[in-house]
Amino acid sequence: LLPRLCALRSSLAMSSVTGTVTIQQPLNYRAGARVQPADGGQAENVYEPATGRVICKLLCSGEKEVDLAVQSAKAAFKIWSQMSGMERSRVLLEAARIIREQREEIATMETINNGKSIFEARVDIDISWQCLEYYAGLAGSLAGEHIQLPGGSFGYTRREPLGVCVGIGAWNYPFQIACWKSAPALACGNAMVFKPSPFTPVSVVRLAEIFTEAGVPKGLFNVVQGGAATGQFLCHHPDVAKISFTGSVPTGIKIMEMASKGIKPVTLELGGKSPLIIFSDCALENAVNGALMANFLTQGEVCCNGTRVFVERKILDAFTKEVVKRTQKIKVGDPLLEDTRMGALINRPHLDRVQGFIKQAKEQGAKVLCGGDLYVPDDPKLKNGYYLQPCVLGNCTDDMTCVKEEIFGPVMSILPFDTEEEVVERANNTKFGLAGGVFTRDIQKAHRVVAALKAGMCFINNYNISPVELPFGGYKASGFGRENGRAAIEYYSQLKTVCVEMGDVESVF
């Protein structure tokens, strides 16, 4: 353990104090080692959201570096794909053990680069190692089937890996998303080249090191850094077999277009504007808890958040009053403090964008019931951080921009409704279909409503629970394909059919 911790702390001036971290080592990872990109060279600032400090310079990867990473993965794939499922399982279990052992260091790293509270970051890391353990458990059981045919002949299917897969991650859950994509990919026998968001490049490199420490062939999991240009090189590379992307709808459309030119399968986990339906027969305190969970995790920067909160008119006033009271008590500030529950948004442009949505909502007739202003912590080192007071909007209507468009910030819109039929129709009146939630004591109504919702991930009397055992993904513009659960195996493997004739071939010629 001690050598690993020393190596970690040599790359990060690790500290439990915000505003003290400097990252010095390279952020690319290829063939089992941190490396500077072979080409590209464009440098971008990487910020600590809590303070606005630049913590390092990111060197973007060019076409040559992308090719080197893909070739490294391709060579490792030849070894890994020939190993048994049980052999791969043992390596994934060892990686999970290391993550679990280094939970605090990785969570701290995530908080520094992402801005979310350390409380949430620890949960993200726990979900990450659980994901690796889950797919380690499946790796040894991956199999095809045997089919008996007439005359003693038979057929069988083989489940085979795809090859070199590309993972492109988002900045809201950097380490967790990398595990969600790599765990099923590696369990199926694939290699992966991963490109994190240029806003959060730090923690994924640690995952790459952990995989190497756990025993994967060097090059099996590589990291390239950069923005859109680097992503294009990955999508167009002829040796890439599959692309899995988490991010915005416009970028997802572009990735799908690029992948189509190479007939590459894609998994897209995109945006959302999900409905949360609160019926009058709910347990009110539980529904309020659910609404807070559905809107304010990770500063509201969660794609499946239930930001359209439909409340049955009978309890509108009571629900709104309690939500506002609870929202005003959320502690905003230094994300590394144990009692902080909301940290900083990812960067200044995004903070300005979220505030623009709030301003437009007011212009369109919504009422700010609480929050929505910049928050400046008392600690002087945090004065340049990207903090926003969590916001609740009332007097909202379905045609407002704040209700139709994904804000991706701590902004809740409350809308009244009168009947079940009405709210289901309004809930489905969106281009998105990632998630939806229902709070009611009537279990028949709950199942009836979620069956009618056009969304891939639905919750009954809870929200934003993502067990790795359950598939995660959306309908409509929220994407297709699934992360997690057994379903992900289908997107990281392919079936080969073999037909065996036990007699002579009867020719028709």
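The values are calculated or read from the model by the stated rules, or taken from the named source; none is laboratory data. As the structure is a prediction and not an experimental result, all values here were calculated from the model. Cβ sites come from the backbone with ideal geometry, for glycine too, and all protein chains shown count toward neighbours. Just so you know, the surface numbers come from the protein's heavy atoms only, side chains and all, with ligands and any DNA or RNA stripped out. Shrake-Rupley method; radii C 1.70, N 1.55, O 1.52, S 1.80 Å.
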Where a residue in the range 40-54 is in the same structural domain as GLU110 (by the TED database) and under 10 Å from ASN347 (Cα atoms) and its partner, wherever it lies, is crowded, with 17+ Cβ neighbours inside 10 Å and acidic (Asp, Glu), with Cβ under 8 Å and at least six apart: ALA50/ASP334
Between a residue in the range 145-166 that is acidic (Asp, Glu) and any residue that is open to solvent by less than 40 Å² (accessible area, probe 1.4 Å) and in a strand (DSSP E or B), which pairs come within a Cβ distance under 6 Å, given they are 6 or more apart or on different chains? GLU145/THR157
Residue that is farthest from CYS179 (Cα to Cα), among those in the range 458-467 that are open to solvent by 20 Å² or more (accessible area, probe 1.4 Å) and part of a loop (DSSP other than H, G, I, E, B): ASN461
Which helices (runs of 4 or more DSSP H) sit wholly inside the range 217-329 and have at least 3 residues that are in the same structural domain as LEU374 (by the TED database) and among the polar types (S, T, N, Q)? 284-296, 316-328
If you check LEU292, LEU284, which single one turns out to be free of Cβ contacts under 8 Å to residues at least 40 places away in the same chain, more than 21 Å from HIS447 (Cα to Cα), surrounded by fewer than 23 Cβ atoms within 10 Å (Cβ to Cβ) and among the aliphatic types (A, V, I, L, M)? LEU292
Answer with yes or no whether ALA487 is surrounded by fewer than 17 Cβ atoms within 10 Å (Cβ to Cβ), within 30 Å of ILE243 (Cα to Cα) and small (Gly, Ala, Ser). yes
Within the range 48-90, count every residue that is under 18 Å from VAL204 (Cα atoms) and buried (at least 18 other Cβ atoms within 10 Å of the Cβ). 14
May I ask you to list the residues in the range 104-122 that are open to solvent by 70 Å² or more (accessible area, probe 1.4 Å) and in contact (Cβ under 8 Å) with a residue 24 or more places away in the chain? PHE119
Residues of the range 468-509 being assigned to a strand (DSSP E or B) and of a type in the set (Gly, Ala, Ser), which ones? GLY479, SER493
Suppose the filter is over 21 Å from LEU276 (Cβ atoms), open to solvent by 30 Å² or more (accessible area, probe 1.4 Å) and modelled with pLDDT of 95 or more; does VAL508 pass it? no
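Sort out which residues of the range 490-505 are closer than 24 Å to VAL240 by Cβ and surrounded by 13 or more Cβ atoms within 10 Å (Cβ to Cβ), and write them in order of number.
GLU490, TYR491, TYR492, SER493, GLN494
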What pairs can you find where one residue is in the range 339-357 and closer than 17 Å to ALA50 by Cβ and assigned by the TED database to the domain that holds TYR375, the other is open to solvent by 20 Å² or more (accessible area, probe 1.4 Å) and β-branched (Val, Ile, Thr), and their Cβ atoms are less than 9 Å apart, with a gap of 6+ or different chains? ARG341/ILE330; MET342/ILE330
In the set GLU94, GLU160, which member is surrounded by 17 or more Cβ atoms within 10 Å (Cβ to Cβ) and at pLDDT 95 or above? GLU94
Among the residues of the range 123-156, the number that are touching a helix residue (DSSP H, G or I) at 6+ places or on another chain (Cβ under 9 Å), of a type in the set (Gly, Ala, Ser) and open to solvent by less than 40 Å² (accessible area, probe 1.4 Å) is 3
